[in-house]
Amino acid sequence: MTDRVFALFWALIAGLRLGLFLQGRPAALPLALLSFLAAVRLVRRRPPSREAPLPRRILAWGAALLPWGAGLFPAAASPAPLAAFGQALQVLGVLLALWALWALGEAFAVSPGDRGLTERGPYRVIRHPMYAGEIAAFAGWLLERPSAEGAALLAASVLLAVLRIRWEEEVIEGYAGYARRVRWRLVPFLW
């Protein structure tokens, strides 16, 4: 039931973003596709063989919704070159997240659970490309509209992503072998 409610939420967000695209905001199209695909994946996915404890699952959902809070705070626009770089980073981050979501297929979930190991697409290079894309997009948004509150939310998102990464690595069977084959968790050559 919860998955269907969240799927409806993401479908509505996809519709809103599609409307923004039709109003002349091209960066909204990949966001609309990402939201729509997330909605579809939430209702068409395999059940987990194991799940993280309930508090971790709740925190994971909160972490997924956290970036939405950044829009609640007023922010001044950045100078044009920085804003353009931020927009480009947003689009690249969303495209990476979209690619990762596509590669995950029926193994997609917001909360940590074992729905099988994915080793195709961007998962051949880094182990958590969905989080990498989300963080890059959020950082790009912050570069375009800097604020102290947005920076705090980005820091919280990064911290929660690190926690979610560790929780997923604990619950997915066969993860140790995958970690030996794909060295980098989030950022190639760094971590």
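The values are calculated or read from the model by the stated rules, or taken from the named source; none is laboratory data. Only a predicted model underlies this, so the values are computations on that prediction, with no experimental measurement involved. Because the Cβ atoms are built from the backbone with ideal geometry, glycine has one as well, and the counts that use them run over all protein chains shown. We work out accessible area using only protein heavy atoms, side chains counted, and drop any ligands, DNA or RNA first. Shrake-Rupley method; radii C 1.70, N 1.55, O 1.52, S 1.80 Å.
Residue by residue, region 45-52 carries 3J(HN,Hα) couplings of 9, 7, x, x, 7, 8, 10, 5 Hz when phi is fed to the Karplus relation 6.51 cos²θ - 1.76 cosθ + 1.60 (θ = phi - 60°); x denotes Gly or Pro.
Apply 1/(1 + (r/R0)^6) to the Cβ-Cβ distance of Trp191 and Leu65, taking R0 = 22 Å, and write down the FRET efficiency to the nearest 0.05. My answer for the efficiency is 0.35. Of Ser78, Ser35, Val91, whose Cα points farthest to the positive end of the dipole of region 1-152 (charges on the beta-carbon: +1 Lys, Arg; -1 Asp, Glu; origin at the Cα centre)? So the residue furthest toward the plus end is Ser35. Estimated from the Cβ-Cβ distance and a Förster radius of 25 angstrom, the FRET efficiency linking Phe85 and Ala156 is about 0.65. Here the Gaussian network model covers the chain, with springs between Cα atoms less than 10 Å apart; of Ala76, Ala84, Ala136, Ala76 fluctuates the most.
On the protein heavy atoms, probe 1.4 angstrom, tell me the percent of accessible surface of region 95-139 carried by carbon and sulfur.
Numbers: 1010 of 1600 Å².
Ligands and nucleic acids excluded, carbon and sulfur reach 63 percent.
Taken per residue, the accessible surface of the chain reaches 54 Å², heavy atoms only and a 1.4 Å probe.
Net charge dipole, the chain: roughly 400 debye, given to the nearest 20, about the Cα centre with Cβ charges of +1 for Lys and Arg and -1 for Asp and Glu.
Largest GNM mean-square fluctuation across Trp99, Trp141, Trp68, computed for the chain with C-alpha springs under 10 Å, falls on Trp68. Between helix 129-144 and the chain there is an angle of about 20 degrees, using the helix long axis and the longest principal axis of the Cα atoms. When the Gaussian network model of the chain links Cα atoms closer than 10 Å, the mean-square fluctuations of Gly177, Gly121, Gly113 top out at Gly177. Taking amide H as placed 1.01 Å from N in the peptide plane, Trp184 has its amide H under 5 Å from the amide H of Arg127, each at least 5 places away in sequence or on another chain. At the residue level, Arg46 shows approximately 100 square angstrom of accessible surface with a 1.4 angstrom probe and all protein chains present. For region 112-117, backbone phi angles converted through the Karplus equation (6.51, -1.76, 1.60; θ = phi - 60°) give residue-by-residue couplings of x, x, 9, 10, x, 8 Hz, Gly and Pro being listed as x. When only alpha carbons are used to place a centre, region 1-42 and region 80-130 end up 16 Å from one another.
Pairing the Cα long axis of helix 80-104 with the longest principal axis of the chain, what angle in degrees results, from 0 to 90 and rounded to the nearest 10? Approximately 30 degrees, to the nearest ten. To the nearest ten degrees, helix 148-171 and the longest principal axis of the Cα atoms of the chain are 10 degrees apart. For Ile126, the solvent-accessible surface with a 1.4 Å probe is about 10 Å², rounded to the nearest 10.
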